[in-house]
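For reference, the structure is listed below as structure tokens.
Please treat every number below as a calculation from the coordinates, not as lab data. Keep in mind it's a predicted model, so treat the numbers as computed, not measured. All Cβ positions, glycine included, derive from the backbone under ideal geometry; neighbour counts span all protein chains shown.
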Amino acid sequence: MALIFRGSTCPLCGDVFDHPDAIEAFPAFIVNKRDPLVIFHDAAVHRSCLTKHPLGQDALRRREELRVRCGPGAHQCVVCDQVIQLPDEHFGTSYLGDESSPLGAFNYLQFHRLHFRQWARADELLARFDEAVRSGAWDGPTLVCDPLPRFVLSPTPWSRRDIP
């Protein structure tokens with residue numbers, strides 16, 4: 001979740017936060033720098049700015065989806081339908097894009113690492129991901145499977161300062 005310090009500013013309006021109860025915070029949940037919601041990645045915003053922003057309701061919906069589908073107790077493997085007990089056994093996709101995106105159908109999937117390649121759509125996800133990178137639609141960690149799935153950070157890590 002976003003950290004807020006004295007003098008922190010809202011990325012939507014640029015004003016300093018003066019009332020802590022009028023702030024809405026978001027986790028680091030948008031990993032594609034090309035996604036329109038990236039402005040909300042690891043951000044705190046004024047509630048009033050969020051209400052007025054054209055993507056505000058979508059950002060809130062995506063944050064709630066993340067909580068429900070990836071929060072505590074939600075780590076169930078899509079291949080074997082069993083709960084993933086150990087963090088080292090876990091691989092998940094989180095939010096990859098909206099429903100109109102070729103990657104949107106693969107949001108918030110949870111796997112045992114060893115089961116990913118057994119999943120019927122594994123090759124499709126890898127192919128769509130490769131295409132998104134090649135086409136320039138994706139700018140973020142790269143999905144590799146060698147042989148276990150993992151996200152590899154881009155050679156140039158980014159922070160909130162990189163968000164336009």
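Listed values, structure above:
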read-out: Residue among Arg63, Arg134, Arg150 with the largest mean-square fluctuation in a Gaussian network model of the chain, springs linking Cα atoms under 10 Å; value: Arg134
read-out: Label of the coordinate-derived value, Cα extents along the principal axes in Å, listed as [x] 51, 36, 27; [y] 44, 41, 30; [z] 48, 35, 30; value: [x]
read-out: Residue-count net charge about Asp58 - beta-carbon cut-off 12 Å; Lys, Arg +1, Asp, Glu -1; value: -2
